[in-house]
Amino acid sequence: MAFLSLQGIGKIYVSEGNVAVGIRGVDLSFERGEFVAITGRSGSGKSTLLNVISGMDTYEEGELFIEGQPTSHYQQSDWELYREKYISFVFQDYNIIDSYTVLENVELALMNIPDRRERRRRALELIERVGLKAHVRHKGSKLSGGQKQRTVIARALAKDSPIILADEPTGNLDAETSREIIALLREVSRDKLLIVVTHNFEQVEEYATRHVRVYDGAIESDHVIAPAPEKVAEPAPEKKQIARRSDTFGNGVLLGKTMFKATPRLSAFLCFLLLVGTVAISLVTSLTGSAWEAFKSPRMFRHVPGRAVVISRDGSPVTTSELNALAGEFGAEKAVRYDYLYDQTYSFWDWDYNIDFTYVFSENGDRTPKIGRAPEGVTEAHLYLPISASSIFGKKEIADPPVFQARLGMGTVTLTVTGITYFYDNTKTAEVRLSDEGFRFLSAYALLASQSFSVRYEINDADGAAFYSDAWELDRVTVDPALPAGTVILPPKTARAAAAVYESSTDPAVVLRDEFVTGGTKYRAGDGQTSWTYRADGFTVGAGAGEGKGSLTVSPDLFLAALDGTQEALYRQASLFFGSDRTAKRAIEGINEKGYLAVSSDTTYTPDPAEMIVSSLLFLLTALLWLFALLFFAFFVSLCCGRSIDAFRGDTSIMRSMGIPVKVIRIGMYVRMLLSLVPAYLLSAVAMFFIFRTPALNHFFRFPRPWQFVMIAIGVLALALLSTRRQIRRLFKTSVKTALRGGDAA
Ligand code: ADP
Ligand code: MG
């Protein structure tokens, strides 16, 4: 039984209606140890013969036996196994992977050795054997033709296959190098079957044991020209000892790593592309992200965890004492009679810095700021701001305490900034954090400033009888937090009237209850107007407008006291605070049973249809924008992935010609893509970090949620893998032979 035998092999090429005979009726048998030289005119079928023997081309007629086994029923994967086990091919045009080093090219054929060090050792040994020791680390593209062919021979040796086929291996080499290569081929194939196609028989004459002439696709002659070699037994046992594996996945990973390393610029480009894509999609998403919120039902109140909003069913205001009673009964942690400020949102616009942000007032003043200190009293504030606002208030410290003009309804309150905390997550709302006291005061102030009230006050004599009274519109009332508690500064006209009373009084000190702030000075000059400072016991606030007559200035406590004294006040709502929304909801049931109407502050309502249509349209628009960006990126990615894989077309066909299974190569390509993805993700996370650390950019883009980033990463991964898959399909549609010739799919 011959080692390799061809019986009546015929190969016909059909292309574009033309039929060309490649080879016909070929009967040949070969044994290990033979050096067969094949000669013949160009086009006579030499290459066809070699391609059929190598399993890179199919045959239509006859039968090829390998170790007695027929092969005509072989499928592609069988041929892969066949090539892997038996065949090494040496081409005229070298066919080494240019981007790999000599070492990598040789190691490619040693993939089945699982141990890295062993693999390397063996590769270096073989490289030394073909005389390329000095070029181990040189890339294929930097080698001369002879050196390339030596690399190919080392690779063939590495595969340790019993058949070496060489198709005009010296066709592109000078005479001297040709001789060396043939000698080397002979030397390394003593125990193998070596078939060399050549147009220059003299070159091989010295070594060949047999000469086959091909003419017009048929065997013209077949001479044994040297003594038949001793029958060579199975390969030497030493080589068999090398541990082998046929681990498709492991080999694929190995291949992928080599691909990744061998083309650093391409890998870097791919990585950069994926990086740009990931960041771009993230930013587009962050621009459009708020569109989702259109579908969230709006809340009726600002949600503060544990907050319950209470009104009484009969429409009367919930008084402070009622509220405190409810708080006691249901275990509320805090009761806020004037909760107006909780539900108000303001915005700030700074022309100089081109910055606008929306803020709310909160009672989080006790939270220690990152810069400065927590607020005390009623006019200090801790600003909790997006980082973009750092251009206004500075980033380092609060040296010269800045002031913040807080708009409140119709009025403005000047707050001294004692602390600042910046945040990067710009989906949060900015807060002007006040002390509890400050919050209550500003809440009341904002409430009054936004409604039409008139304030009445009386100046009483010693017996409590009013000898002067007046009514004011509240937007004319100024609250001066700097005033000592209980202080009123009367407007000039009133002051003069009061002074007149005072002067005509028999016991003026009694009339004004000797509560002169100015310590006996009757008139105090301020802002060019004459005013009288009076320490008041309080004044009443009534609904309805009065006449505007200058300005009345009061201290904050009086303001709150006045508010509490108004049963007629229009403000009915109050808030109770519990530990959590859950405990709040439990308490709410009880409160409702007591004749109040209480709801949790996370209660939502359904927006009206018009609002919904507008937000749906807006959403549609942003979704389209997003989709467009995504498609554009997908197109871009698949284009670049495609290009990058096309660049591997030659390499992969070489791998295939070596018998590396398509499956392994495919896994290798995926691995290579993944290897570019990992740094791309890391870098894009870093890029996003810096983008959102940059105040101006932070202001512009909406802070992405980590899950969004993960989704995008997964999306990009899927996209990259999909386009890799598509390209790989295209790549492997062609046969090895066509691919090697640089042709495209048939
Ligand atoms: P050689 O290697 O001896 O120069 P080949 O084996 O390449 O010859 O070619 C043998 C014959 O088969 C030629 O007539 C050639 O035109 C034809 N042939 C080879 N490959 C193809 C192909 N892929 N498609 C069509 N005809 C082919
Ligand atoms: Mg040829």
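The number of residues in the range 28-48 that are more than 16 Å from ligand 2 (Cβ to nearest atom) and either under 18 Å from residue 10 (Cα atoms) or surrounded by fewer than 17 Cβ atoms within 10 Å (Cβ to Cβ) (or both) comes to 3.
Per-residue answers, yes or no, for (1) within 16 Å of residue 105 (Cβ to Cβ); (2) in a helix (DSSP H, G or I):
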{"site": "146", "(1), (2)": "yes, yes"}
{"site": "150", "(1), (2)": "yes, yes"}
{"site": "158", "(1), (2)": "yes, yes"}
{"site": "178", "(1), (2)": "no, yes"}
{"site": "183", "(1), (2)": "no, yes"}
{"site": "191", "(1), (2)": "no, no"}
{"site": "202", "(1), (2)": "no, yes"}
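For the range 223-245, the criterion of being surrounded by 15 or more Cβ atoms within 10 Å (Cβ to Cβ) and either closer than 30 Å to residue 638 by Cβ or at pLDDT 85 or above (or both) is met by no residue. Identify all residues within the range 286-318 that are touching a helix residue (DSSP H, G or I) at 6+ places or on another chain (Cβ under 6 Å) and assigned to a helix (DSSP H, G or I); write none if there are none. Within the range 286-318, 288, 291, 294 qualify.
Can you say whether residue 94 is within 16 Å of ligand 1 (Cβ to nearest atom), open to solvent by 20 Å² or more (accessible area, probe 1.4 Å) and touching a residue at least 40 places away in the same chain (Cβ under 8 Å), as far as the supplied structure shows? No: the conditions fail for residue 94. Number of residues in the range 12-27 that are within 16 Å of ligand 2 (Cβ to nearest atom) and closer than 20 Å to residue 213 by Cα equals 5. When the range 49-69 is filtered for residues that are over 22 Å from residue 189 (Cβ atoms) and either within 16 Å of ligand 2 (Cβ to nearest atom) or not in a loop (DSSP other than H, G, I, E, B) (or both), the ones remaining, listed by number, are 57, 61, 62, 63, 69. Among the residues making up the range 327-342, those that are of a type outside the set (A, V, I, L, M) and either more than 13 Å from residue 429 (Cβ to Cβ) or assigned to a loop (DSSP other than H, G, I, E, B) (or both) are 328, 329, 330, 331, 333, 334, 337, 338, 339, 340.
Could you pull out the residue among 584, 562, 598 that is of a type outside the set (S, T, N, Q), buried (at least 20 other Cβ atoms within 10 Å of the Cβ), at pLDDT 90 or above and part of a helix (DSSP H, G or I)? Just one listed residue meets the conditions, 584. Of the set (1) open to solvent by 60 Å² or more (accessible area, probe 1.4 Å); (2) more than 9 Å from ligand 1 (Cβ to nearest atom); (3) farther than 24 Å from residue 223 by Cα, all apply to residue 13 but (2). When you scan the range 641-663, do you find a residue that is open to solvent by 30 Å² or more (accessible area, probe 1.4 Å), without any contact (Cβ under 8 Å) to a residue 12 or more places away in the chain and within 30 Å of residue 96 (Cα to Cα), even just one? Yes - at least one qualifying residue is present in the range 641-663.
Under the condition of being surrounded by 18 or more Cβ atoms within 10 Å (Cβ to Cβ) and in contact with a strand residue (DSSP E or B) (Cβ under 8 Å, 6 or more places away or on another chain), the residues counted in the range 324-343 number 11.
Counting just the residues of the range 29-57 that are in contact with a strand residue (DSSP E or B) (Cβ under 8 Å, 6 or more places away or on another chain) and free of Cβ contacts under 8 Å to residues at least 40 places away in the same chain, which one comes out nearest to ligand 1 (Cβ to nearest atom)? The residue in question is 55.
Candidates 154, 134: the one that is over 20 Å from residue 110 (Cβ atoms), in a helix (DSSP H, G or I) and modelled with pLDDT of 90 or more is 134. Residue check: residue 321 meets all listed conditions (1) open to solvent by less than 60 Å² (accessible area, probe 1.4 Å); (2) hydroxyl-bearing (Ser, Thr, Tyr); (3) more than 30 Å from residue 614 (Cα to Cα); (4) assigned to a helix (DSSP H, G or I) but one, namely (1). Confirm whether residue 53 is open to solvent by less than 20 Å² (accessible area, probe 1.4 Å) and under 20 Å from residue 218 (Cα atoms). So residue 53 passes the test. The sole residue among 199, 223 that is out of contact with any helix residue (DSSP H, G or I) (no Cβ under 8 Å at 6 or more places or on another chain) and within 16 Å of ligand 1 (Cβ to nearest atom) is 199. Looking at 5, 72, just one residue is away from ligand 2 (no atom under 16 Å from the Cβ), more than 19 Å from residue 157 (Cα to Cα), among the hydroxyl-bearing types (Ser, Thr, Tyr) and exposed (fewer than 15 other Cβ atoms within 10 Å of the Cβ), and that residue is 72. Total residues in the range 195-221 satisfying the condition of being more than 17 Å from residue 21 (Cβ to Cβ), within 16 Å of ligand 2 (Cβ to nearest atom) and aromatic (Phe, Trp, Tyr): the figure is 1.
Of all residues in the range 16-26, none satisfies the criterion of being in a loop (DSSP other than H, G, I, E, B) and surrounded by 11 or more Cβ atoms within 10 Å (Cβ to Cβ). Only one entry of 632, 628, 692, 636 meets the criterion of being open to solvent by less than 70 Å² (accessible area, probe 1.4 Å) and assigned to a helix (DSSP H, G or I), and that entry is 692.
The values are calculated or read from the model by the stated rules, or taken from the named source; none is laboratory data. If you're wondering where the values come from, they're calculated on a predicted model, not measured in any experiment. When we count neighbours, we look across all protein chains shown, and the Cβ atoms used for this are built from the backbone with ideal geometry, even at glycine. The protein model used for the area step is the full one, side chains on, heavy atoms only, and it has no ligands, DNA or RNA in it. Shrake-Rupley method; radii C 1.70, N 1.55, O 1.52, S 1.80 Å.
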